[in-house]
Amino acid sequence: MYLEHFGLTEPPFRITPHTDFFFDGANRGATLDALLYAITHDEGIVKISGEVGSGKTMLCRVLIERLPEKVTIIYLANPSLAREDILYAIADELRLPLPDNARSSLVLRTLQDHLITSFSEGRQVVVLIDEAHAMPVETLEEIRLLSNLEANRHKLLQLVLFGQPELNDILARPDMRQLKERITHNFRLEPLMREDIASYLNFRMRAAGYRGPSVFTPVAVKMIARTSHGLTRRINILADKALLAAFATNSHQVGAKEAQAAIRDCEFSQATHVNKNLRKKIVMLTICGLALSTLAAATWLLFTKQSATPHRLAPASQPIVPPSSPKEASPATTPAPTTLMPAAVPTAPMTAVPKPMLATTLPSSASPLVQERLEAGQRWLEQVPNDHWFIQLLATDANQHAQVENFLRKAANNQLDMDKLRVYSSSLSGKLRVGIIYGDYPTRLAATAAIGQLPLALRKTKPYPRQVIRLR
């Protein structure tokens, strides 16, 4: 309805996965690259978890498109398969010749023979299992047994599990420990941050043919971010309704009014896995806030009473002067009036809030090593092209400079090239942050490959590639 109004060639915010609209920001692209590497070079089970609507199915569809031609892909979308049914489902996808009512032992043997033949021909078979959190426990146990299929020293079947965070809860059970031990790579799709949501909205609009200035105002982005909790499906629903509201009022921009209209029209569930603990924290913080407020009010009342008491009662050591006495108080002995408000203290003139930019200083307590690497990072950022890539090793609050120094020393102890190790300080997220980055690479693929060459102690911190433009 609003396509012509905004100059679009197709709907930009459909909730059905469309791989042309895959957003590789917010670490999505890095996760995809790591997935491709893990599937084609590893021999363990791979797990990807994320909240409802976080983009797991989209990632799965893009993964199917990007896997090499030598990979035979089996996609299982039905999570309610029984233990025996998953064998038949895989055999059916591979079009294996099986007699009617074949026993599961025959299916398994036929499957193994086919996998051995595929391996000898240089082909790899990958099974992508969607909604794995909804699978019966017995079926998950069968998946573990399937991971045992091997020839010589190589696994014949690569298994990839996509599921909601409840999958992690299932795997944490004692009876699931054998399956959990076989998972060699764990990836989690985190909700988008507010600055990523602005980029996401702009990317989807332009992927649909839009060529004008940004449609969504900062206020609208803030409202969509707060309501969606960073989940891409919710963002799509809200953005679509907001564009429709703008079209209805003949506006070419989505502001607070249009965003509010979209929010009113949505009834999102609050029972998300992400927000269970968050709601508990909010309740606890509210209780603590009320307790502190009560304590502060009681303290203020007590202070007020104590401060006012000396002026209502005359000291016992001084005679009380009758009202009829003409005696006047001497200015030298008259007590100065008391006030409960502190005296005004001269303050420095207010300065404007700095725009998001890279900073070159940290708190004075930061060590010389941190300051030195910060200056090196600033010099590098002044001359490196926007399309280059680096490896993000650490990101934390700016006041955690001790943690930054410890990480730098840890990197040095692991024989990392200190000339390629840099520190930056940025307020792009609205809060002063500090990070440690490494290397300078012309492409994402080169940066991803370099991650595999990092010392094991640093790979455990889950580094990921980022583009230079993300820091500017």
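Where a number appears in this text, it was derived from the coordinates with a stated rule and is not lab data. None of these values were measured; they are calculated from a predicted model. Positions of Cβ are backbone-derived with ideal geometry, glycine not excepted, and every protein chain shown enters the neighbour counts.
Compared with the direct C-alpha span, the chain from Ile64 to Gln260 gains 66.8 nm at full extension, assuming 0.36 nm per residue.
All alpha carbon pair distances within region 27-189 were sorted into 10 Å bins beginning at 0; the resulting P(r) in whole percents reads 10, 42, 37, 11, 0. Measuring r between the beta carbons of Asp417 and Leu149 and using R0 = 35 Å, the FRET efficiency lands at 0.25.
So which GluC sites (Glu not before Pro) in region 101-187 end up in coil per DSSP with only 14 or fewer other C-beta atoms within 10 Å?
Filter output for region 101-187: Glu121.
Here Ser214 and Ser367 are evaluated by their C-beta separation; at R0 = 41 Å the FRET efficiency comes out at 0.50. The protection proxy used here, the mean number of other Cβ atoms lying within 10 Å of each residue, ranks peptides 229-242, 59-72 as follows, highest first: 229-242, 59-72.
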